[in-house]
2 protein chains.
Amino acid sequence: MSMPLTKQADAPIHSSAMQEIMRFVMSARADEAVLAQASRAVLDTLAVTIAGGVEPGARALKASLDPDPRPTAVPSFWTQAGYRSDDAALLLGMSSHMLDYDDVSMLTVCHPSAPVLSALLAAAPREGVSGAVLLEAFAIGTEVLIRLGQAMGFRHYALGFHATATLGAVGAAAACARLMRLDEARTRHALAIAASLSSGLRKNFGSMVKSLHVGIAAANGLKAARLAAAGVEGSAEPFEDEGFLSAFSGGETDRWPAGLVLGQPFAIVEPGFEQKRYPCCYMLHKMIEATLCLRHETGLDLASVKSMRVDMPAGGTKPLIHPFPRNGLNALFSAPYAVAASLADGRIDLKSFADAAVLRPDIQARLRDVVVVEAAGEAQTGSDLGSAPVTVTLTPRQGGTLSRTIIASPGSQQDPLTPPQLKAKWVDCLQRACPELDSQVTAALFDEGKNLASHANIEGWLMRLRDGVAQG
Amino acid sequence: MSMPLTKQADAPIHSSAMQEIMRFVMSARADEAVLAQASRAVLDTLAVTIAGGVEPGARALKASLDPDPRPTAVPSFWTQAGYRSDDAALLLGMSSHMLDYDDVSMLTVCHPSAPVLSALLAAAPREGVSGAVLLEAFAIGTEVLIRLGQAMGFRHYALGFHATATLGAVGAAAACARLMRLDEARTRHALAIAASLSSGLRKNFGSMVKSLHVGIAAANGLKAARLAAAGVEGSAEPFEDEGFLSAFSGGETDRWPAGLVLGQPFAIVEPGFEQKRYPCCYMLHKMIEATLCLRHETGLDLASVKSMRVDMPAGGTKPLIHPFPRNGLNALFSAPYAVAASLADGRIDLKSFADAAVLRPDIQARLRDVVVVEAAGEAQTGSDLGSAPVTVTLTPRQGGTLSRTIIASPGSQQDPLTPPQLKAKWVDCLQRACPELDSQVTAALFDEGKNLASHANIEGWLMRLRDGVAQG
């Protein structure tokens, strides 16, 4: 139908959402603090991307893609094959979210880094960019993603959309437009096209499609920027007046909120992103943290305790649907396993979620000794759940009880990954993709990556990283 | 966030929407009447696709695509280049809707044929299908598209989504799953993936992105089927329980309506699709029809009338925002031009919307002699607007008045394109893409296409069509 379609053609540009986003994408500058946080987030996301790329879902996707033999192809981390940039973004994006180990922003209930970095990594080889330029584009893209989500509010997620995916396409387009140095008109068109490519439903959570969403968002963000560069033109005001905000909030909002200003501060700096410390459901993080603290401080292990109890906030156990896990995928959502394995091993990492690790008889025998108690009351969500305390109480065989309460979300700015933890996660992830990889090479690649902001061209480091993973 | 994600993994399949769609996609049979209507729709859509492919937006898209030199590439209609199937679907889809000349279903306020046929044409060369198989898959895909829209109701469109695009991805996936003979599990995954790839905003109407949407829907429908075939797995119940229906209706509905049964009858048969008779806004169709009737019946032309008046229903002039058009794009939405050109030329076709035709001094001088009057009252929408009368009244220089009222929508089942009109539209469209094309070749290709249901393999005819257009 053509009916309601042409009024915009002559209408003045009065979209404050577009004005706000355009101003930011065209002129924002990332200061040292932003670059430092972006550098941390990029390293963390790269690590989980490389690890995710060897999972079955990512392998299925890879098998469906045609490698691109041309020199302009984007090289892969996992094979000697290269891919067209849209396929590369799809594959990187799906891999980045495959383990659900990438960072989180509780401001918008989304994973901000994965879609944006995946698009940039697929775009970057053709652009020949410096580390600072990449990090700045990354910070800009994640900021657009998060603030657009804040503009819409939680109704977006509640209706059934997967915020990481829907917002990710626009954030990735903003990042790519900046990286590709599109002019103002083309940046505007890129954002308008991305608004129309925004997709993803929560109903596909619990399937391979959840991580595919991130690939789609990355590929679509990059596609939007490339189509705009090629001369495809969209609306001047895609976000308001029955646009993106209305459609994706179920009509709850149709305007950019007056007080919401991009980059003041960047969300990556304040409140920062939550980086996952453990490769499992974020709702297990506080109980793992508490249990590991108790073990390290008291020397108690699984054999020396009689029983274990976890006290959770209302709503906190909703995703923890596998009290008696029979494989690694189950165990990602198992409170008893998280506590028992933490006590048994003194660590939680990717190896903790191998099927064989989960099926160990001495662990399986103790799962019923873990009691999980959820507080009464209305289920909490989002930031409230993030700031609610979790307590682990151990009853040693020798008597008495020992408790530990965790309030700050592990990986948040209140309890950030320490540099050694970030490095350990890097090593753990790279070894998952490539068990033969030399640990010194892995460590050197990390140290080099920490200084990404000072790289004159990121391609050298990326190439060494790819060579390391593909050959190791 | 992993929080609300895993409950589905173990939940029973109780989605009646999925059950309804699956039953239909796996087992529906198209009878003779359905095949006959599908054949008409395919020919009509192919014609406008071929014409749309030479427009600036489609050319910009084409310039951004990498041709695929491999023998498995999908050949193009417009050049000797072939494309990867996803790029082919994108280009066919954008071209199919570029002129806004493709068919309409007032049941869902959408263009049903364009996204579905574009996906099938991109998928078909690898599948080697018969005409009947193609038409059956086409009828199934358009039916899924329309009924899913009916399930959601008008709120979907009102919120800001572009129904042709959002529903198109799922309809195209259903069609491709059927064409590719995916098994039940993979068909289910294809539909789940497509639900998550569904996108498109009305705010991009009036720009090149409106037609790009159709390309995206076609490419995503095909991509969903291909990813499912490759082993990517989605949710068992993507449509209900905070799924597709909730998200895209702003929470207004979350269930498949009890009385809505796919294919009983197929919407393509009852009430049928509206095929555009004129290459311009559908709200101009009745006034053009009335004016041409008056001219043919009375012999009056533009020179012999003093003034012209159009009476429209409430809301009927909303898109007609260019009373004094200065180019062809303006004229697509100009009531005075539609009436004046109909009277001057005795026909409305693609040539009527060339810039030079619009700027003719004898037409421009008379635009102010056309008065358009909209009825008072609340603006009508959708089917109501479609069934409202439009009256054209001419005042000849020799005195008196002559009126004609049109009630049935031109191109609807009440006033269908006649076989000669369908053929004339075909010829007009093919000549637009290729002015040198021999008229006998064009006519022969049409006659051959009319019997599409009896083709053992559609590739021969498609190849002759491509060769004709590319070489003509």
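The values are calculated or read from the model by the stated rules, or taken from the named source; none is laboratory data. Predicted model, so just to flag it, every value in this text is computed and none were measured. Positions of Cβ are generated from backbone atoms using ideal geometry, with glycine treated the same way; all protein chains shown enter the neighbour counts.
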- line: Selection from the range A:209-246 of residues under 26 Å from B:Leu227 (Cβ atoms) and charged (D, E, K, R) yields A:Lys210, A:Lys223, A:Arg226
- prompt: Mind checking which residues of the range A:438-460 are surrounded by fewer than 20 Cβ atoms within 10 Å (Cβ to Cβ) and not in a helix (DSSP H, G or I)?
  reply: A:Asp438, A:Asn451, A:Ala456, A:Asn457
query: Considering only residues of the range B:376-389 that are more than 14 Å from chain A (Cβ to nearest Cβ) and surrounded by 14 or more Cβ atoms within 10 Å (Cβ to Cβ), which is modelled with the highest pLDDT?
result: B:Pro389
task: Could you pull out the residue among A:Pro336, A:Pro419 that is surrounded by fewer than 15 Cβ atoms within 10 Å (Cβ to Cβ), more than 14 Å from chain B (Cβ to nearest Cβ) and not aromatic (Phe, Trp, Tyr)?
output: A:Pro419
- prompt: When both residues are 6+ apart or on different chains and their Cβ atoms are under 7 Å apart, which pairs have a first residue that lies in the range A:221-244 and is more than 8 Å from chain B (Cβ to nearest Cβ) and within 26 Å of B:Asp66 (Cα to Cα), and a second that is modelled with pLDDT of 95 or more and part of a loop (DSSP other than H, G, I, E, B)?
  reply: A:Ala225/A:Met180; A:Ala225/A:Leu182; A:Ala228/A:Leu182
message: Of everything in the range A:390-402, what is of a type in the set (Ser, Thr, Tyr) and closer than 8 Å to A:Ala290 by Cβ? Give them in sequence order.
response: A:Thr391
- request: Go through (1) within 21 Å of the chain's Cα centre (by Cα); (2) free of Cβ contacts under 8 Å to residues at least 24 places away in the same chain; (3) more than 14 Å from chain A (Cβ to nearest Cβ) one by one and return the number of the condition B:Gly171 breaks.
  value: (2)
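For every residue, the table says whether it meets (1) part of a loop (DSSP other than H, G, I, E, B); (2) within 14 Å of another protein chain (Cβ to nearest Cβ).
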| position | (1), (2) |
| --- | --- |
| B:Val25 | no, no |
| B:Ala38 | no, no |
| B:Asp44 | no, no |
| B:Ala47 | no, no |
| B:Ile50 | no, no |
| B:Ala58 | no, yes |
| B:Ala88 | no, yes |
| B:Thr108 | yes, yes |
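A quick yes/no check of all residues on (1) out of contact with any Cys (no Cβ under 9 Å at 6 or more places or on another chain); (2) within 27 Å of A:Gly231 (Cβ to Cβ):
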{"site": "A:Leu121", "(1), (2)": "yes, yes"}
{"site": "A:Gly141", "(1), (2)": "no, yes"}
{"site": "A:Ile146", "(1), (2)": "no, no"}
{"site": "A:Ala175", "(1), (2)": "yes, yes"}
{"site": "A:Asp183", "(1), (2)": "yes, yes"}
Residue check, B:Arg347 under 26 Å from B:Glu297 (Cα atoms) and touching a residue at least 60 places away in the same chain (Cβ under 8 Å): no
- line: Reported set for the range B:400-454 where residues are of a type in the set (Val, Ile, Thr) and within 20 Å of B:Leu92 (Cα to Cα) is B:Val427, B:Thr442
message: Taking the conditions exactly as written (surrounded by fewer than 15 Cβ atoms within 10 Å (Cβ to Cβ), more than 14 Å from chain B (Cβ to nearest Cβ) and in contact with a helix residue (DSSP H, G or I) (Cβ under 7 Å, 6 or more places away or on another chain)), does A:Gly346 satisfy them or not?
response: yes
- request: Give just the number: which of (1) more than 11 Å from chain B (Cβ to nearest Cβ); (2) at positive phi does A:Arg178 not satisfy?
  value: (2)
Residues that are in a helix (DSSP H, G or I) and either within 8 Å of chain A (Cβ to nearest Cβ) or charged (D, E, K, R) (or both), drawn from the range B:206-219: B:Met208, B:Val209, B:Lys210, B:Leu212, B:His213, B:Ile216
- request: Answer yes or no: is there a residue in the range B:248-268 that is assigned to a helix (DSSP H, G or I), more than 11 Å from chain A (Cβ to nearest Cβ) and either closer than 22 Å to B:Cys176 by Cβ or among the small types (Gly, Ala, Ser) (or both).
  value: yes
- prompt: Within the range A:191-208, restricting attention to residues that are touching a helix residue (DSSP H, G or I) at 6+ places or on another chain (Cβ under 6 Å) and without any contact (Cβ under 8 Å) to a residue 40 or more places away in the chain, which residue is farthest from B:Ala229 (Cα to Cα)?
  reply: A:Ala194
statement: Screening B:Leu394, B:Leu320 for residues that are out of contact with any Lys or Arg (no Cβ under 6 Å at 6 or more places or on another chain), buried (at least 20 other Cβ atoms within 10 Å of the Cβ), part of a strand (DSSP E or B) and in the same structural domain as B:Cys293 (by TED's automatic domain parsing) leaves only B:Leu394
message: Give me the residue from the range B:129-168 that is among the charged types (D, E, K, R) and touching a helix residue (DSSP H, G or I) at 6+ places or on another chain (Cβ under 8 Å) and, out of that set, farthest from the other protein chains (Cβ to nearest Cβ).
response: B:Glu136
